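The values are calculated or read from the model by the stated rules, or taken from the named source; none is laboratory data. Just so it is clear, the structure is predicted and the values come from calculations on it, not from any experiment. FYI the Cβ positions are ideal-geometry reconstructions off the backbone, even for glycines, and counts take in every protein chain you see.
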Amino acid sequence: MNRIILHVDMDAFFAAVEQRDHPQYRGKPVIVGADPKEGRGRGVVSTCSYEARKFGVHSALPISQAFKLCPQGIYVHPNGKLYKQVSQEILDIFYEFTDAVEPISIDEAFLDVTGSTKLFGNGEEIAKMIKKRICEKERLTASVGMAPNKYLAKIASDLEKPDGLVIVKPDQIQDFLKPLDISRLWGAGKKTEQTLHKMGINTIGDLAKFPKDILNKKLGKMGGHFYNLAHGIDDRPVFYNSDIKSVSNEHTFNKDVLDEDTLLKTLLQLSEKVGYRLRKKDLKGKTIHLKLRYSNFSTITRNKTLPEAVDSTQVLFQTIKQLFEKNYQTGRRVRLLGIGISGFGNVKARQLSLFDRNSKRNDKLDKLQDMLIDRFGKKIVSRAESLKKDK
Ligand code: TTP
Ligand code: MG
C-alpha cells in the first residue's frame, strides 16, 4: 500500500513570527539576525521575509552584506524563546492528525498520515486542514508537500513556497522528478554534481536514464542511492517517538459560538475522535483535559483525573461535559474547544470497568463505531448527530 507522507515547512519562519506580532513590519523587508551596525556589523542573517529576499538577502549571508543590499530593511534581533514556543504549538497541531511526526528542525517536520485518512479524509484534505489550523491558530503560513515518501514530499514542499501545497501522486513521480535540477538530489555534494555534469547529466530526468551498474561504476557506493532517488524510491520510515504522552483534538469555530447545544455537540464530536484514536492505539488514560477559549482569546484549561483509566467515548464525553458545565461562563462566546487525555501509565489490558453498568454497552457501541469508521470513513456515523434528539 502506498504511504501518505507530508513534509511541512513554515514560510520565512522567524521573520513571519515577527511580522505577525508587529503589524508595522508586514509587507516590508524584515531581516532577522545579527545587528547590522550600519553595515559594519558581524554575524549573519538567520532568515528574512520574502519582501527582503527580492533584494538578494538570504539565510547565512553576512549581515554587513545584507545591509548593503537592503539598507532600508527592518533589522530584528532573534527571539529564540518565542520561536521555540511557536514551533511547539505547531507540533501540537500535527499531533492532532497523527502520532507519526518526525520533527526535522525548528520549523519543519515529516508526518505519516497513512493511518489517519479514515478519521480526517484523504491526504490532500489532511494537508489542507493542517495549513488551515496553522493559519487559524498561529496566524502563520506553511508550505506542504505530499507524496508517497519523504524524499519526494520534502522536494514538493519547497516548490511553491510561500503558502504552497504540492501533491505528488504515485503515478506522477517520474514526470515530477524529470525537470528538476540535480542539486535536488539528497546527499549530492559539489563533487558528485561535477561528476554528473561531466556525464551530461543536468536534471534528475537525465540521471534516471542511466542503468544502475553504470552509476555504481561512476559514483561508487552512492550509485545505488542516486539511482533510487532518480526513480523516486525512498523507503525510509517517518521516525517518531511511539511513547505517546497524550491524545488530543481541538476545534476552532468559524464564527464564535454562544449556543450551548452546539458547544456540547462539538465536545461530543471531539470525544469521538479522541476515543477512536485511543482505541486504535490500545491506550487508556486517566486524566481528561478541557480547553476553552473565549472570543477575546482568554483561555482556560481544566482537567479531571478518574479513578481508573478509560478509552470509552461515552466516559470521555461525560467527564468533559462535567468539566465544561462547571467552568463555562454562560453567555460568553466561545472561539475554540479542545479535549485531551493523558495519564496512560501501563494500562493496556481491557479490564471490566468499575465505572458503571453501561460500560459493556458502551464498549460495544465504541467497537461498532470504530468498525464503521474503519470501513466507511469518519462521516458515516456520529453520535453527535443524535445529541439533540436524545435530549
Ligand atoms: P528555513 O525553513 O530554512 O527558512 P525559513 O523558514 O526562514 O524560510 P522558507 O520559507 O524558505 O522555509 O529555516 C527555518 C528557520 O531556521 C528560519 O526562519 C531561521 C532559522 N535559520 C537560521 O537561523 N539560520 C539558517 O542558516 C537557516 C537556513 C535557518
Ligand atoms: Mg521554513
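Exactly one residue out of 128, 118, 132, 137 is more than 16 Å from the chain's Cα centre (by Cα), more than 16 Å from ligand 1 (Cβ to nearest atom) and not assigned by TED's automatic domain parsing to the domain that holds residue 298, and it is 118.
Taken together, the residues in segment 224-265 that are over 21 Å from residue 100 (Cα atoms) and assigned to a loop (DSSP other than H, G, I, E, B) amount to 4.
Here residue 5 fulfils each of the conditions (1) within 14 Å of ligand 1 (Cβ to nearest atom); (2) under 16 Å from residue 158 (Cα atoms); (3) touching a Lys or Arg at 6+ places or on another chain (Cβ under 7 Å) apart from (1).
Residue-wise test of (1) touching a helix residue (DSSP H, G or I) at 6+ places or on another chain (Cβ under 9 Å); (2) of a type outside the set (Val, Ile, Thr); (3) surrounded by fewer than 14 Cβ atoms within 10 Å (Cβ to Cβ).
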residue: 12; (1), (2), (3): yes, yes, no
residue: 19; (1), (2), (3): yes, yes, no
residue: 39; (1), (2), (3): yes, yes, yes
residue: 47; (1), (2), (3): yes, no, no
residue: 73; (1), (2), (3): yes, yes, no
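When the test is whether a residue is within 18 Å of residue 105 (Cα to Cα), free of Cβ contacts under 8 Å to residues at least 40 places away in the same chain and surrounded by 15 or more Cβ atoms within 10 Å (Cβ to Cβ), residue 155 passes it. Strands (runs of 3 or more DSSP E) fully within segment 1-71 that include at least 3 residues being within 16 Å of ligand 2 (Cβ to nearest atom) and aliphatic (A, V, I, L, M): 5-10, 30-33. Given the options 136, 193, name the one that is in contact with a helix residue (DSSP H, G or I) (Cβ under 7 Å, 6 or more places away or on another chain), among the acidic types (Asp, Glu) and away from ligand 2 (no atom under 16 Å from the Cβ). Unique residue meeting the criteria: 193. Scan segment 301-350 residue by residue and report those that are surrounded by 20 or more Cβ atoms within 10 Å (Cβ to Cβ), touching a strand residue (DSSP E or B) at 6+ places or on another chain (Cβ under 8 Å) and either of a type in the set (Ser, Thr, Tyr) or not assigned by TED's automatic domain parsing to the domain that holds residue 250 (or both). Answer for segment 301-350, where residues must be surrounded by 20 or more Cβ atoms within 10 Å (Cβ to Cβ), touching a strand residue (DSSP E or B) at 6+ places or on another chain (Cβ under 8 Å) and either of a type in the set (Ser, Thr, Tyr) or not assigned by TED's automatic domain parsing to the domain that holds residue 250 (or both): just 319.
Scanning segment 173-219 for residues that are closer than 25 Å to residue 145 by Cα, of a type in the set (Lys, Arg) and exposed (fewer than 15 other Cβ atoms within 10 Å of the Cβ) turns up just one, 178.
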